[in-house]
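Note sheet for the following structure.
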Amino acid sequence: MATRVLLVEDEHALVEVLRYNLTREGFEVQNCGDGRQALRLAQLNPPDLIILDLMLPGMDGLEVCRLLRADAATARIPILMLTARSEEADQIVGLAVGADDYVTKPFSVKVLIQRLRALLRRAGGEEAHQVLSAHGIRLDRRTHRVTVNGEPVHLTLTEFRFLETFLRQPGRAFRRDELLEAAGGDADLVLERTVDVHIKSLRRKLGPAGEVIETVRGVGYRLREAYGSQDVSASPATTPPKPGKT
Ligand code: CA
């Protein structure tokens with residue numbers, strides 16, 4: 001699956017240019033022009049990288065950056081900040097609050113994409129973001145393969161996206177509408193109760209491992225946290241320890 005980029009920019013013309021070019025380069029782009037919404041989107045379904053404009057209406061880029069770094073779900077996402085030439089002092093502040101790099105407007109799209117790729121490499125490589133695992137369940141975003149204790153499991157796209165969402169944030173309870181949003185624009189997902197149908201099917205396909213998807217009464221669903229387990233590698237920056245047996 002493609003590397004996912006969240007583009008936070010309120011300048012419509014620039015969004016169009018970047019969307020077009022990033023998509024052409026093989027990135028999957030989600031965009032929004034509002035700081036608060038950016039935080040919500042990033043926490044719900046953490047992207048591989050965030051392009052964050054400094055000057056945004058409402059909450060500015062520095063505050064968004066600070067809050068992203070303060071939340072465990074988003075703390076490690078590489079952030080490339082966009083600034084204007086007149087904002088040099090802010091660039092320094094931006095790096096201080098946790099941006100990884102910045103590009104000054106106006107910039108060439110080619111340069112931006114080079115910097116973005118460099119940042120992804122530095123952050124542990126695009127590869128590191130492709131595999132999520134916990135409880136013996138392993139999900140490879142690139143090949144779209146899922147295995148349970150090494151045995152392949154065949155999921156629909158919606159089931160795959162739900163599982164991906166759970167594996168990204170073990171222990172977090174997701175509301176049905178959040179799961180729908182995370183699954184993104186699937187035409188058969190018009191009603192929240194269809195979430196229950198997909199979850200039921202997902203659990204069944206995962207077999208005994210399916211019980212780790214827990215119902216949270218009055219809320220929705222979550223993946224059971226794997227306490228002290230060695231198979232949790234949902235956090236891309238963490239290398240799971242090798243089993244101790246030799
Ligand atoms: Ca702006």
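Observations on the structure shown:
- Net length gained if the chain between residue 66 and residue 151 were fully extended (0.36 nm per residue, minus Cα distance): 26.5 nm
- A crude spin-label estimate for the pair residue 10 and residue 59, with each label 7 Å from Cα along the Cβ direction, gives 1.4 nm.
- Our coupling estimate for region 133-150, obtained by passing each phi through the Karplus curve with A = 6.51, B = -1.76, C = 1.60 and θ = phi - 60°, is 8, 5, 6, x, 8, 10, 10, 9, 5, 6, 8, 6, 9, 10, 10, 10, 6, x Hz, Gly and Pro reported as x.
- Calculated FRET efficiency for the pair residue 143/residue 108, C-beta based, R₀ 30 Å, to 0.05: 0.35
- From phi via Karplus (6.51, -1.76, 1.60), per-residue ³J(HN,Hα) for region 10-17 in Hz, x at Gly/Pro: 9, 8, 4, 4, 5, 4, 4, 4
- Using a simple spin-label model with pseudo-atoms 7 Å out from Cα toward Cβ, residue 211 and residue 118 lie 5.2 nm apart.
- Seen through its C-alpha gyration tensor, with square-root eigenvalues sorted a ≥ b ≥ c, region 4-122 comes out rounded because a/c lies under 1.5.
- Based on protein heavy atoms only, region 4-122 ends up with 46 Å² per residue of surface accessible to a 1.4 Å probe.
- Relative to its Kirkwood radius, the Cα radius of gyration of region 100-181 gives an Rg/Rh of 1.11.
- Apportionment of accessible area to carbon and sulfur, region 128-170, percent (1.4 Å): 48
The values are calculated or read from the model by the stated rules, or taken from the named source; none is laboratory data. It should be emphasised that the depicted structure is a prediction, and the values quoted were computed from it without experimental measurement. Methodologically, a virtual Cβ is constructed for each residue, glycine included, from the backbone with ideal geometry; neighbour enumeration extends over all protein chains shown. Heavy atoms of the whole protein, side chains included, go into the accessibility calculation; ligands, DNA and RNA do not. Shrake-Rupley method; radii C 1.70, N 1.55, O 1.52, S 1.80 Å.
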